[in-house]
Amino acid sequence: MNYQWYPGHMTKARRMMEENIKLIDLVIEVVDARIPMSSRNPDIDALAKNKARMILLNKSDLSDERLNQAWMAYFQSKGFYVLKINAKTGMGVKQVNGLVAEACKEKIERDKRKGIKNRPVRAMVVGIPNVGKSTFINAYAGKACAKTGNKPGVTKGKQWIRLNKNIELLDTPGILWPKFEDKSVGERLAMIGSMNDEVINLEELALSILRFSVSEYPGSIAERYGIEESEDALAVMEAIAGKRGCLKKGGIVDYEKVAGIILDDFRSGRYGKMTLEKVTQDE
Ligand code: G4P
């Protein structure tokens, strides 16, 4: 399967990012906790050089708690301030302010030494499409809707949301482009539903989901559908089709229909909380 993101989108996203990043002290990067690596673009490290950095493991309601812990430790070891959140319910969002203050302690002290008092920290939310940036901004800043408006030195049209006396947030998130160099990145993004399904072979994708679930979370598929699991993903898929009545005239398996069910169940977390990527030694 061939996954892509159009070069035009990428250039525009990069230009916007370069422009906005100059204005801020802190980058709040949202990643999908189910694929903490594939939902990042490491180019942000160069773009955000010298900025305070925070990573939010979002959608942690859908990811494996044991691996959440492992990924948090991993990112902390790389110098990030890290929180796991569920932007949809607001779980963990309350802790963000405290962590922002911690992440920007150095800047605040530097300001103090220069005699600058009460200059708020400016932050920006970034991430690839569909990780939950807008949902997070709403949960985080929803109540603080008093926007500060345009200010001198700020590119026209940009809005800052004053969160409290210490923090201002750029109201539009920075969009990072996914990094497709490794073929498995595209596949994982597709598995969690962060790619345009129209250009994807959904039956193949559903088979990948079954292979992954059976090998990494044995019992999850058996429990969901009341079938027997095996390494033969096609046989598993056909058994699910039988259970769910995904059959065409003459008892022929309706692969499209059963693939749709598998994708929807997996993406909604009905197989249980799963994380597709493990922390490995060399990362
Ligand atoms: P983006 O700005 O980064 O592109 O992402 P956005 O906030 O639009 O969120 C993308 C999808 O992810 C939305 O679902 C949103 O509800 C969902 N989402 C965001 N945060 C979480 C989370 O912590 N947990 C879960 N389970 N889902 C989350 P959607 O299908 O596009 O919309 P809807 O079904 O919510 O209406």
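Readers should treat all values here as calculations from the given coordinates under stated rules, not as data from a laboratory. Here the structure is a predicted model, which is why all the values come from computation and not from measurement. Neighbour counts are summed over all protein chains in view; Cβ atoms, including those assigned to glycine, are modelled from backbone coordinates with ideal geometry.
Considering only DSSP states other than H, G, I, E and B, which trypsin sites (Lys or Arg not before Pro) in the range 58-119 qualify as loop sites with at most 13 other Cβ atoms within 10 Å?
On the way: sites: K59, R66, K78, K84, K88, K94, K105, K107, R110, K112, R113, K114, K117; in loops: K59, K78, K88, K114, K117.
Counting only loop positions with at most 13 other Cβ atoms within 10 Å, the trypsin sites (Lys or Arg not before Pro) in the range 58-119 are K78, K114, K117.
Between the helical axis of 233-244 and the dominant principal axis of the chain, each derived from Cα atoms, what acute angle in degrees is found, rounded to the nearest 10?
The helix 233-244 is inclined about 80 degrees to the chain.
Calculate for the chain the 222 nm mean residue ellipticity that helices alone would give, adding -39,500 (n - 2.57) per DSSP H run of length 4 or more and normalising by residue count, nearest 500 deg cm²/dmol.
Working: 11 runs with 115 residues, N = 283.
Here the helix-only value at 222 nm equals -12000 deg cm²/dmol.
Computed from the mean reciprocal separation of all distinct C-alpha pairs, what Kirkwood hydrodynamic radius does the chain have, in Å? Before the final figure, lay out the partial values.
Working: mean 1/r = 0.0486 Å⁻¹.
Across the chain, the inverse of the average 1/r is 20.6 Å.
Just subtract the alpha-carbon distance of H9 and D197 from 0.36 nm times their residue separation and send over the number in nm, one decimal. Before the final figure, lay out each step's value.
Details: separation 188, 0.36 × 188 = 67.68 nm, distance 1.80 nm.
The span from H9 to D197 would gain 65.9 nm if fully extended.
Classify the range 1-142 as rounded, prolate or oblate, taking a ≥ b ≥ c as the square roots of the eigenvalues of its Cα gyration tensor: rounded when a/c is under 1.5, otherwise prolate if a/b is larger than b/c and oblate if not.
Because a/c hits 1.5 or more and a/b fails to exceed b/c, the range 1-142 counts as oblate.
Please give the charge dipole size of the chain, origin at the Cα centre, charges +1 on K and R Cβ atoms and -1 on D and E Cβ atoms. Round to the nearest 20 debye. Write down the numbers at each step before the final one.
Details: 46 positive and 37 negative charges, 474 e Å.
Using Cβ point charges on Lys, Arg, Asp and Glu, the chain gives about 2280 debye.
Between S134 and R211, what FRET efficiency comes out of the Förster formula 1/(1 + (r/R0)^6) with R0 = 35 Å and r the beta carbon distance, rounded to 0.05?
Numbers: r = 32 Å, r/R0 = 0.92.
Computed FRET efficiency for R211 and S134 comes out at 0.60.
Can you list the lysines whose alpha carbon sits under 28 Å from that of K249, skipping same-chain ones fewer than 8 residues off?
Here the lysines satisfying the reach criterion relative to K249 are K257.
Based on alpha-carbon centroids, what's the gap between the range 225-266 and the range 15-59 in Å, whole number please?
Each part reduced to its Cα centre gives a spacing of 39 Å.
Give K51/K105; K78/K183; K12/K59; K49/K105; K94/K133; K49/K94 a once-over and call out the pairs whose C-alpha atoms are over 20 Å from each other. Could the numbers behind the result be given before it?
Numbers: K51/K105 12 Å; K78/K183 25 Å; K12/K59 27 Å; K49/K105 17 Å; K94/K133 16 Å; K49/K94 27 Å.
Flagged as over cut-off: K78/K183; K12/K59; K49/K94.
For R162 and I252 in one chain, what is 0.36 nm times their gap in residues minus the Cα-Cα distance, to one decimal in nm? Show your work: numbers first, answer last.
On the way: separation 90, 0.36 × 90 = 32.40 nm, distance 5.91 nm.
Stretched out fully, the R162 to I252 stretch lengthens by 26.5 nm.
Kindly work out what percent of the DSSP beta bridges joining two residues of the range 9-171 are antiparallel, to the nearest 5. It would help to have the intermediate numbers written out before the result.
Details: 5 of 23 bridges.
Percentage antiparallel, nearest 5: 20.
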